[in-house]
Amino acid sequence: MTTNSPPTYWGVPRAYRAAFGLSTALAIWGLLFHRFDLALMAMPLLLATFMSRNLLPTDRTIGKFVAQPDSQTAFSLQMPESMNVDAKQLRVYAQGYRPTILVTNRDQVDLVLNTKRTGPQPTFTVHGRGIGVFGLLVENPWIVTADETFGLPNSYPLGQMPAPTRLRGLTGARQSRRIGDGGDLRDIAPMRPGDSLRRVNWRATGRRSPDLTQLYVRRTFANAEGIAELVIDSRDDVGPDIETWLGSAPLRVDDLTSLDLARHAAASVAGALIGAGDRVGLEDLAYQKRPVAAATGQRQLRRIQQALALSAPHGEPTEVVRPPRLPNDAVIYLFSTLLDDSPVSLATGWVDQGNPVIVVNTLPKVRTGRRAKLALAWRIAALEREQRIANLKSRAIPVVDWQTADSIIPSAELTKIARMQAKQRGRR
Amino acid sequence: MNSIITRFRNSLLRLGQLVTGSRSTPLPELPLTQGSALRGWVIHLAAAILPILLLILTPLRTHVATPVLVTIIILAIAVGPLFWFLPSTASALIAIGFTALFSLAQPPSLGWGLLFALIGYLAFRAGLMASQTPRSAKVEASALMQFGFRDLMVMIATALAGGIALLGQRLTGCNFTGASVAEMSDVNAVVQTCHPSGSVFVVLAAAAILLLFLGLAGSLSFRGSR
């Protein structure tokens, strides 16, 4: 029998030698002792081993990823066409998916990652190998990895937002209580040095001072802008499945984690406030070295979205959190899971300083599974958490659940808080 | 051995989780396949069943005593789980070896030999595929057809060789032992005259078919049906 040696990167499984040995022995026995039935039993195995050694693969089947146009999460795994390769075995790994093993004879496999997650995330890793003729030659495995993808958080439209109580500057989209160059009428007053002649209200002057001894001017409210600071608590990133919290079980691809919710919530609030003309800044409790300074405009919104996508837990969550330096006149939105006491002490500290604080609860709806120990642990943690929320509410700090049973955007709740704040401001 | 214990333990764990309902929701699977696909466990099942079938069929060709037959069948079924937990070609090769040894004690029969050859080969191929493919794997129908095309050629060649041998046996009345078929099968039958060239003719015809097939297969160097 002709035996060609296979290329070095193709291995011969033990089954080949066993099948060849048995079939040869049977064939020799059958021919020597005139037992054609035994020779017949050996024949298919002999044929298979003979053909597998004569139809050797020519090349390796190492694939490469090609990104599909207009998509960050769709790739094509292209493998070169090689002779005498019956199939390729691919073991595809993707975050949030079960490892999938595929035996195919296609040269191109399309892979799409249908993820809802945000931030940088790995896409696909494929361990592959070619299977030669009759499966009696197997290629050494190769590994290819696709590029990472980067999911930006969405900015969902929100209604009326709680605004800062103190405004600053003489320009902006909000109306201050000070006299200045604004649009809304404040009062009619006698003209004083420094008043522009264009502000003279001739009708009021004619009525109040017919002899024109005193001119009257129209005074308006000044424009101003508010400052909002978004504080994202990215010290922990937990999913809805409590079994994944220790990191021993993988997160499902279709589950949003607390950090994903926090990113979406912060991006939405930033979009709404920037749309209203306010200055918005961003602080990350886990990584306070690079805050985004407060500014306004669409570029600032994109800057915030980028910073939000990059926010991630750094090591173990710290118990003591240094309060970030925030402007005194800013409204503070704190996005947190409230799984420890730090956000509560931060929020109460800011309220004591005079900052209005809105806490956005970003913990997804927790699934405890059926494991009794985990369910009990979660019950205790949930009770502690409820206590924290009650403490916050007792200090008149509103707590908004971002993911509720009805909707993922608490637009109505934020509008309610905004109206309540406006009413309180009116009373003062 | 460790592999068997690990697999057995994992299976028990999964079963326990299934019974107690503590199994968490499985992760979704990537949509990768095009067209129809077969699950790997089907191949594993075939790899477990076919050697058992061969082991059960082997004693059936003879008139063995019922207790022996029952013992063999029970033993064959008893080793089934082993073939399931540890899929390999070893099960098929052991079954083929057992069949060959058992056949040695019996008069030659080309019909049974052909049947055993085909089942043995299928068992070997299923064992080989099962050892390379996990149970959760998806095997695309097109890839299976590619494998199947080659297997079909091998089985056709075997069947042709067996068929020619049978035909030659029928025409010449000779077995390969040189004795007449009638003489071997029925001692009371009329003894036919057997020309020694008869067996030579059958061997040569089978060899010609084989060579033709091998030449065809070697020259094709095909990639199969795509």
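Normalised by the number of residues in chain A, the mean separation of alpha-carbon contacts (under 8 Å, six or more apart) gives a relative contact order of 13 percent.
Take the Cβ-Cβ distance between B:Ser36 and A:Ser248 as r, set R0 to 30 Å, and report the resulting FRET efficiency rounded to the nearest 0.05. The formula returns an efficiency of 0.25 here.
Once you list every other residue whose beta carbon is under 14 Å from the beta carbon of A:Thr49, what net charge do they have if Lys and Arg are +1 and Asp and Glu are -1? Surrounding charge for A:Thr49 is +4.
Shown here are the Rg and Dmax of the Cα trace of the protein assembly as shown, at 40.0, 155 Å. Per residue, how big is the convex hull of the stretch A:1-84 when only Cα atoms are used? Give it in Å³. It comes to 115 Å³ per residue, whole-number rounded. Taking every DSSP helix (H) stretch of at least 4 residues in the protein assembly as shown, weighting each as -39,500 (n - 2.57) and dividing the sum by the residue count yields a mean residue ellipticity at 222 nm of -14500 deg cm²/dmol.
Site pair A:Asp195 and A:Asp329 shows an inter-label distance of 2.6 nm when each label is modelled 7 Å from Cα along Cα→Cβ. If you run the Gaussian network model on chain A, springs between alpha carbon atoms under 10 Å, then out of A:Arg192, A:Arg395, A:Arg53 the most flexible one is A:Arg192. As I understand it, the dipole of the protein assembly as shown uses +1 on the Cβ of Lys and Arg and -1 on the Cβ of Asp and Glu, about the Cα centre. Which of B:Ala165, A:His264, B:Leu122 lies farthest toward its positive end? It is A:His264.
The mean count of C-beta atoms from other chains within 10 Å of the C-beta of residues in B:160-167, rounded to a whole number, is 2. Per-residue mean of foreign Cβ neighbours for B:138-144 is 5 (Cβ atoms of other chains, 10 Å radius). If r is the Cβ-Cβ distance from A:Thr220 to A:Lys423 and R0 is 22 Å, what FRET efficiency results, to the nearest 0.05? So the FRET efficiency works out to roughly 0.35.
If you plug the beta carbon distance of A:Arg322 and A:Gln78 into 1/(1 + (r/R0)^6) with R0 = 51 Å, you get a FRET efficiency near 0.50. If I build a Gaussian network model for chain A, linking alpha-carbon pairs within less than 10 angstrom, which residue out of A:Ser82, A:Ser196, A:Ser248 has the largest mean-square fluctuation? Largest GNM mean-square fluctuation: A:Ser196.
Other residues whose C-beta falls under 14 angstrom from the C-beta of A:Ile274 contribute a net charge of +2, scoring Lys and Arg +1 and Asp and Glu -1. Taking A:Ala189, A:Ala390, A:Ala309 as the candidate residues, the one with maximal mean-square fluctuation in a Gaussian network model of chain A, Cα springs under 10 Å, is A:Ala189. Charge tally around A:Leu339: other residues with Cβ under 10 Å, Lys/Arg +1 each, Asp/Glu -1 each, net -2. Which of rounded, prolate, oblate describes the stretch B:82-144, given a ≥ b ≥ c as roots of the alpha-carbon gyration tensor eigenvalues and a/c under 1.5 marking rounded, otherwise prolate only if a/b is larger than b/c? Note, shape of the stretch B:82-144 comes out oblate.
Between the Cα long axis of helix A:342-353 and the first principal axis of chain A there is an angle of about 10°, rounded to the nearest 10. In this simple spin-label model, placing a label point 7 Å from the Cα along the Cα-to-Cβ direction at both A:Val66 and A:Asp341 gives a separation of 6.0 nm. Taken over the C-alpha atoms, the stretch A:309-397 has Rg and Dmax values of 14.9, 48 angstrom. Take the Cα of A:Ala396, step 7 Å toward its Cβ, do the same at A:His34, and the gap between the two points is 11.3 nm.
For the segment A:129-141, counting C-beta atoms of other chains within 10 Å of every residue's C-beta and taking the mean gives 3.
Read-outs: derived from the displayed coordinates by stated rules, not from any lab. The structure displayed is predicted, hence computed values, not measured ones. Please note: Cβ atoms are built from the backbone with ideal geometry, for glycine as well, and neighbour counts cover all protein chains shown.
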